Amino acid sequence: FSLPVSAVRAQVQQEPFLETTEGTGISINCSHPNIQIGEYIYFYRQLPGRGPEFLAVTAKGSKDLRAPEGRLLVSADRRSSALWLRRPGRGDAAVYYCALGP
């Protein structure tokens, strides 16, 4: 199955399309080289036929996710982040969004 991804704001860049096999971990990478002090990194996903669903937010470090199971990781310089899905299934096929905000 496939995991389309999209960038919400111009200063955020993501791969346009990712694929994995069911149960094989995948990293959805996000680049935000111009992140400002005080800005947080948000990840959302949008399942087919549904509205956006909030997944996680953090300013730095890493954070475990329960649903979907995985982890949000932020680089030490905060210029990039990654949403790692541990064992994605067909139900996780969605458009994944990365965004910056207060």
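Surface exposure of the chain, expressed per residue as accessible area with a 1.4 Å probe, stands at 56 Å². Highest mean first, the peptides 73-79, 62-68, 48-54 sorted by other C-beta atoms within 10 Å per residue fall in the order 73-79, 62-68, 48-54. Near E15, the amide H atoms lying under 5 Å from its own belong to N29; only residues 5 or more places off or on other chains count, and H is placed 1.01 Å from N.
Taking every Cα-Cα distance in the stretch 16-101 and sorting them into 10 Å bins from zero, the calculated P(r) comes out as 17, 52, 27, 4 percent.
Here the contact order of the chain, divided by its residue count and restricted to Cα pairs under 8 Å and six or more residues apart, works out to 37 percent. Overall, the chain carries a charge dipole of about 200 debye about its Cα centre when +1 sits on the Cβ of Lys and Arg and -1 on the Cβ of Asp and Glu, all other atoms neutral. Taking the stretch 61-91 and a reference point 7 angstrom along Cα→Cβ of E15, the backbone N atoms nearer than 14 Å belong to 81-86, 88.
The values are calculated or read from the model by the stated rules, or taken from the named source; none is laboratory data. All of these numbers come straight from a predicted model, not from anything done at the bench. For neighbour counting, all protein chains shown are included, and Cβ atoms are generated from backbone atoms with ideal geometry for every residue, glycine included. SASA here: full protein model, heavy atoms, side chains in, ligands and nucleic acids out. Shrake-Rupley method; radii C 1.70, N 1.55, O 1.52, S 1.80 Å.
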